[in-house]
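Encoded as C-alpha cells, the structure appears first; notes follow it.
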Amino acid sequence: MVISSTTPDYDQNLHSTFASRYVRTSLPRFKMPDQPIPKDAAYQIINDELMLDGNPRLNLASFVTTWMEPECDKLIMSSLNKNYVDMDEYPVTTELQNRCVNMIAHLFNAPVGENDTAVGVGTVGSSEAIMLAGLAFKRKWQEKRKSEGKTYQNPNIVTGSNVQVCWEKFARYFEVDLKMVNLKEDYYVMDPVKAVEMVDENTICVAAILGSTMTGEFEDVKLLNELLMNKNKETGWNTPIHVDAASGGFVAPFLYPDLEWDFRLPLVKSINVSGHKYGLVYAGVGWVVWRTKEDLPDELVFHINYLGSDQPTFTLNFSKGSSQIIAQYYQFIRLGFEGYKDVMTNCNENARVVKEGLENTGRFNIISKDIGVPLVAFSLKDSSRYTVFDISESLRRFGWIVPAYTMPPDAQHISVLRVVIREDFSHSLADRLIADIVKVVNEMEAAKSTDNTSDNTRNTPDGEASEHSKREMQLGISKYWRRFVHGNKTSSVC
C-alpha cells in the first residue's frame, strides 16, 4: 500500500504538447477527468511524464532485476490477465508454482524425499514472505506456551539492527517486540554471540540475514545455530532460526555451495528469498519455504471453494498476477544450476572490477566483504572536503543512481555509498562508473581548492564572476530545481 499526498501549490492540471492535437484543454492532475480522451493521447501524456524517471539499468541502488530475455517478456505479457489465486481455472500456473517451491526447497537442502512435496508459497516479495514466516513462528510459540499453561502476550524476535524495514513492519503490525543487536564499526552484521544472549523464553525466533542490505555480507548462521542449540539444551527452550535470504538465497548456493546457512542446520525452520532480486525475475515475486509441514501451523492455512474447488491459501493478499511465477519457472529451466552459477560469477567479477577501480583512486575504504552478495559498499577516507552524499548527488547528472546512507546503530557515524551489481551491469559499465566517480571527485576537490583562495580572487578585476562562482551558481540552481521537482512529486511510504 502507498500512502499518498498532494502538493497544494502545484499546477493541478496536466499539459501535453504532443497530445494537444487531440486534447484542447488540460487534464486535472488529482481528479478523474469528466470526459474520455483518445487512446494515443492518453499514451503520449503518460509516456511524456515517464521520460523523467531514471534509467532502471543505471539504478545501482536497487537489487531488483531490470532485464530479462525477450522470450520471457513474451510469457509475461501473455499471462498478465491470469489471476494467480484462481487455481481451479489456471491449474498449470499452480503446478508451475509448486515446481518452483520444490526446486527452491531442494536448492536450500530441505529434508524433502524424492516423492515428497515441499512446503512453501509464492509471494509478492520477501516482505510478504517474512510476514508469513513470522506469523508461523508466533503461532507455534503461542501454542507451546498455552500447552504449558504459561503467558503468551509478549513475543519477541531477536535480529540485528541491519535488518530490512519489513522486519520492523512485521513487529509493529503483528505486535511482536523486536530486540536488535546493534552493530559496531568494522562489524556491520549481527553478532551471533550477542544475539543468543538476548534470547529469552518469549523469543519466537532469531532472524539471520544472508546478504545484508547495508554491505551484502552473510551473517554466520552456522555459528548462530551452534550457540542457540547449546542455549536450548541448557534452558529447555526450542528457539528456532529464520534465515532472511532475500538477497543472498540465489547467490550462496551457486558461489559458495559449502557454506552452511540453510536447512542443513537443524534449527533453521524457514527461509525466504526474493525471486525478483538474484532470482532474476522482474519485481513482484518472492518465496518462503518451511523445513517440514509441521513448521507451518495448519490453522494459518485457509481453504476456499468459491472459485471452483477446494483451494488452500496462505497469503496476506488474495488476487495477484501469475506472470512473475511463470517468469521464475522460465529462469529455473532456462538457466539451470550452471546458468545461475555463470550469472552470479559474472556479477562477482564485475563487483571486483568496481572494487579495484575504487581502491586505485586512493580515496575510498571498501566496507563490503569479498564473500557475500555482489555489491560494493565504500566510504570516504577523508570527508572533510566533501561527503558521500555530495558524490551521490553529483553522479546523478551522468544518470547514475548510487545511494549514500548512514549505517544502523551503533555505527551510524559511518556514511557509505553502495553499488549493487546485477546481471545487466557489464564490465564496460563498471569502467564508466569508476571514470565518472573520479571525475566527480576531482571536480569537487578543484572547487574546494578554489574555496580556499582569498575573497578578492573570486571576482575578476572588471567585476565578472570567476569560473568558481559560475560553478557555484550552476550547482545551486541545479539543487534548487531538484528539490522543487522532488518536493512536488507524490510522496509515499512503502
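The values are calculated or read from the model by the stated rules, or taken from the named source; none is laboratory data. What you see is a predicted model, and the numbers here were worked out from it, not measured in a lab. Please note: Cβ atoms are built from the backbone with ideal geometry, for glycine as well, and neighbour counts cover all protein chains shown. Ligands, DNA and RNA are stripped out before the accessible areas are found, and what is left, the full protein with its side chains, is counted by its heavy atoms. Shrake-Rupley method; radii C 1.70, N 1.55, O 1.52, S 1.80 Å.
Side notes on the structure shown:
- Taken over region 150-251, the convex hull of the Cα atoms encloses 95 Å³ per residue.
- Rounded FRET efficiency, nearest 0.05, which uses the C-beta distance separating residue 342 from residue 318 and R0 of 60 Å: 0.95
- Accessible area, probe 1.4 Å, largest first, for residues 145, 334: 334, 145
- Straight Cα distances below 14 angstrom link residue 293 to the aspartates and glutamates 116, with same-chain residues fewer than 8 positions distant left out.
- When the Cα positions of 401, 421, 383 are compared along the charge dipole of region 282-425, 383 comes out farthest toward the positive end, with charges on each C-beta of Lys, Arg, Asp and Glu.
- Of 140/194; 138/179; 82/320, pairs whose Cα-Cα distance is over 20 Å: 140/194
- Reachable lysines from residue 355, criterion Cα separation under 25 angstrom, eight or more residues apart if same chain: 184, 277, 341, 369, 381, 439
- Residue 191 accessible area, assembled protein chains, probe 1.4 Å, Å²: 30 Å²
- In range of the label at residue 185: residues from region 202-230 whose backbone nitrogen is under 20 Å from the point 7 Å along Cα→Cβ: 214-215
- 18 Å Cα-Cα reach of residue 231 towards aspartates and glutamates, excluding residues that sit fewer than 8 places from it in its own chain: 191, 197, 200, 201, 220
- On the basis of the beta-carbon distance and an R0 of 25 Å, residue 442 and residue 66 show a calculated FRET efficiency of 0.25.
- Largest first, the residues 186, 73, 342 sort by 1.4 Å accessible area into 186, 342, 73.
- Amide hydrogen neighbours beyond the local backbone of residue 367, cut-off 5 Å, H modeled: 377, 378, 379
- Accessible heavy-atom area order of 445, 71, 423, 114, highest first, probe of 1.4 Å: 114, 71, 423, 445
- In this structure, the amide hydrogen of residue 183, modeled 1.01 Å from its nitrogen in the peptide plane, lies closer than 5 angstrom to those of 161, 410, 411, counting only residues at least 5 positions away or on a different chain.
- Rounded to the nearest 10 square angstrom, residue 103 shows an accessible area of 80 square angstrom against a 1.4 Å probe.
- Heavy-atom accessible area for residue 30, with the other protein chains in place and a 1.4 Å probe, reaches approximately 90 Å².
- Each residue of region 204-217 is assigned a 3J(HN,Hα), and the resulting list reads 7, 5, 9, 9, 9, 10, 9, x, 4, 4, 6, 10, x, 6 Hz, derived from the Karplus form 6.51 cos²θ - 1.76 cosθ + 1.60 (θ = phi - 60°), x at Gly and Pro.
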